[in-house]
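Taking it in order: structure first as structure tokens, then the write-up.
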Amino acid sequence: MTPSDPLSPDLRTVLRRLKLSRMTDTLPDRLALARGQKMPHQDFLLLVLSDEASRRDSQDATLRAQRGHLDPTMHLEAWDSTAKVRFDRALLNELVSLRFVDAHAHVTIVGPVGVGKTFVAHALGHIACRRRMSVLAVRADHMLKTLKHARLDNSHEAELRKLISVDLLLVDDFGLDVMDATESRDAYELFTERHRAGSMIVTSNRGPDEWLATFSDPVRAQSAIDRFTSNSYDLIIEGESYRQRLKPKVPARQKQPT
């Protein structure tokens, strides 16, 4: 241990053996703080272990978000509150609590192109990841195409299970295109299997009352949509496109001295 390195080689070795090497990133500062404040040993131990617990929680949430294909930039904290969009803020606050996930309820986010539907859905997904929930985000057309191809190599059940087994499934841009018989059957199975078993967030330019026309089988469609809507919160977003606020911008040039 030297003045420039307050951690002894023996301490570093023990931390490595306990898989606590990352504590060395903050431990010197915490030691200085403890000495300066004459912190009791128990309080110091709680402080450094809390640092490590927070770091692991953050790392775990990041890994869950990556596995769930969540956009890393779409956190609720990054939402531009000056955006010219309108929605029920009390309802959004309720959704942020994730009580709907505990109740196995669903969320429909409806609005025109570009108002931030996907952003809100992914932001809720990130909150779920921070609370140790499993999340998966898929685009509706890709999901249905994957399920259709899976029927050809007998992996359909496994692909469907991936969609059913997570705590929170995000399906983006549902109901944009008319589905054929196979896609309609897959959509029906998904809605039916997740009914009361796990939560979904579905974003769409169309309201659920318009989804019926996108199914090839009206009977299956009515059954699936009725199950979903009877247990779903409806968040409607209206206003100007939010995407313009996400466009990359050239940094303002500083004036050169004359």
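The helix-only estimate of mean residue ellipticity at 222 nm for the chain, built from DSSP H runs of length n ≥ 4 each weighted as -39500 (n - 2.57), is -14500 deg cm²/dmol after division by the residue total. Across the protein chains, with a 1.4 Å probe defining accessible surface, the residues ILE236, ILE201 rank ILE236, ILE201 from largest area downward. Of the residues VAL14, VAL138, ALA197, the one whose Cα sits farthest towards the positive end of the charge dipole of the chain is VAL14 (charges of +1 on Lys and Arg Cβ, -1 on Asp and Glu Cβ, taken about the Cα centre). In terms of Cα atoms, the Rg and Dmax of the stretch 7-158 work out to 21.9, 68 Å. DSSP assigns beta bridges within the chain; of those with both partners inside it, close to 15 percent run antiparallel. Among LEU147, LEU11, LEU92, the residue with the largest mean-square fluctuation in a Gaussian network model of the chain, with springs joining Cα atoms closer than 10 Å, is LEU11. In this entry, the chain is assigned a mean projected area of 22.6 nm², taken as a quarter of its C-alpha convex hull surface. Accessible surface area normalised per residue over the chain is 60 Å², counting heavy atoms of protein chains with a 1.4 Å rolling probe.
The stretch between ALA53 and HIS142, if pulled fully straight at 0.36 nm per residue, gains 28.4 nm over its current Cα-Cα span. Relative to the 2.2 N^0.38 Å rule of thumb, the stretch 76-150 has a C-alpha radius of gyration ratio of 1.24. For the chain, the tally of Lys pairs with Cα-Cα distances below 26 Å comes to 10, considering only residues 8 or more apart or on different chains. This model, with +1 at the C-beta of Lys and Arg and -1 at the C-beta of Asp and Glu, gives the stretch 112-249 a dipole about its Cα centre of some 740 debye. Computed over protein heavy atoms with a 1.4 Å probe, the carbon and sulfur contribution to the accessible area of the stretch 1-159 reaches 55%.
The values are calculated or read from the model by the stated rules, or taken from the named source; none is laboratory data. All of these numbers come straight from a predicted model, not from anything done at the bench. Using ideal geometry, Cβ is built from the backbone for each residue, glycine included, and neighbour counts are taken over all protein chains shown. Side chains included, ligands, DNA and RNA excluded: accessible areas come from the protein's heavy atoms. Shrake-Rupley method; radii C 1.70, N 1.55, O 1.52, S 1.80 Å.
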